[in-house]
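Following: one structure in structure tokens, then a few remarks.
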Amino acid sequence: MAERDEDELERRFAEARTRPPAVDAAFLARLMADAARVSAEAGGAPMPRDPLPQGRAPSSVGVGAARDPLPQGGGAGSVSGPRLPSRPPVARRRGAGARLWAGLGGWPGVSGLLAATVAGLWIGFALPESVRGLAAPAGSEETLDLLAAADGYFEDS
Amino acid sequence: MPMPLDSLSDLPDETLLAAYAGGEPAAAAALLARHAPRLLSFALRMLRDRAEAEDVVQEAMLRLWRQAPDWRTGEARLSTWLYRVAANLCTDRLRRRRPGPLHAVEEPADDRPGVVAEMMAAERIAALEAALARLPERQRQAVVLRHLEGLANPEIAVIMDVGVEAVESLTARGKRALAALLAGRRDELGFEHG
């Protein structure tokens, strides 16, 4: 490929990388709801905190797992295989994270927080170019009247 | 300026996943903030259909939550695993979709009138994504992962279940095809000035 084409393509890639697709807050809320549901289905029992010993039989395998270099059930058609013997349920741990979670309002509160956080991150990292046109030119000053309809109440009589 | 990340967001993926599995679902929020946008970007560039791309990301994350209790540290990078699941799900959908017309180009999310340069940039990205959609699926996957998602060839090789040399070949062929597809629109899209 010609060097000119190579350079041009790289500029196009770079441009596209700076403008990733927007992430919808409602979509993030759905993802959070899934996480909550799976967590609830697990019964709230603490999962193993220690890594499983290497070489232990996989508990979930994908279709064609023999050639699957990822041993964690990453295939598209992966299905759950025989589960490892579950550990006896014990009382849910109330660590600092759990207290923080409760303090944030649980899933509903954190869903909103996450949506706002991700949106903020996304804008901060990825979209400065797209808001450049909104910035006022240097030296100019513009005001936004948020209560135009109420002006009459504040005029000197 | 990027927002400062809280201490939870600074933790490694595997620590967060273990925390989620251990009954601290706030960790899921940090994992989603880290991975969902990148997965969506990848799936959208593969499928060019937002609803389908969101379904793919949702399914990939769902599998991660279900896998969390049994996740074995050190066997696979979580991000690689997620990309692989998403890539396979995209492949399934693309195969089910054939034969059929190419999906329409998604309009830029922000259709606010802007300066001409801004509109031209959006046009250029749309043209790039339209050209990507015309590549054979494996070439598209390799090019998107390498040049738009910024992954290294060895990681792409794991995701695509091929060797590193095959990844290099796929990206090289994909880029040549892209250059040819975009060459005809160089002047129209102001490529020289991008």
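Nothing in this text is a laboratory measurement; each read-out follows from the coordinates by a stated rule. Not measured: the values here are computed from a predicted model. Methodologically, a virtual Cβ is constructed for each residue, glycine included, from the backbone with ideal geometry; neighbour enumeration extends over all protein chains shown.
A compact table of results
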{"read-out": "Shielding by partners - mean other protein chain Cβ count within 10 Å, residues of B:14-22", "value": "4"}
{"read-out": "Spatial separation of Cα centroids for the range B:32-74 and the range A:3-23, in angstrom", "value": "23"}
{"read-out": "Phi-based couplings in Hz for the range B:122-130 (Karplus 6.51, -1.76, 1.60; Gly and Pro marked x)", "value": "4, 5, 5, 5, 4, 5, 4, 5, 5"}
{"read-out": "Neighbouring partner chain Cβ atoms per residue of B:132-139, average, 10 Å criterion", "value": "0"}
{"read-out": "Sorted peptide list for B:44-52, B:73-81, criterion being average Cβ within 10 angstrom, highest first", "value": "B:44-52, B:73-81"}
{"read-out": "15 Å tail of the calculated P(r), the range B:1-90, as % of Cα pairs", "value": "58"}
{"read-out": "Peptide B:152-164 - average C-beta neighbours from other chains (10 Å radius)", "value": "1"}
{"read-out": "Burial order of peptide ranges B:88-94, B:57-63 (average beta-carbon count within 10 Å, highest first)", "value": "B:57-63, B:88-94"}
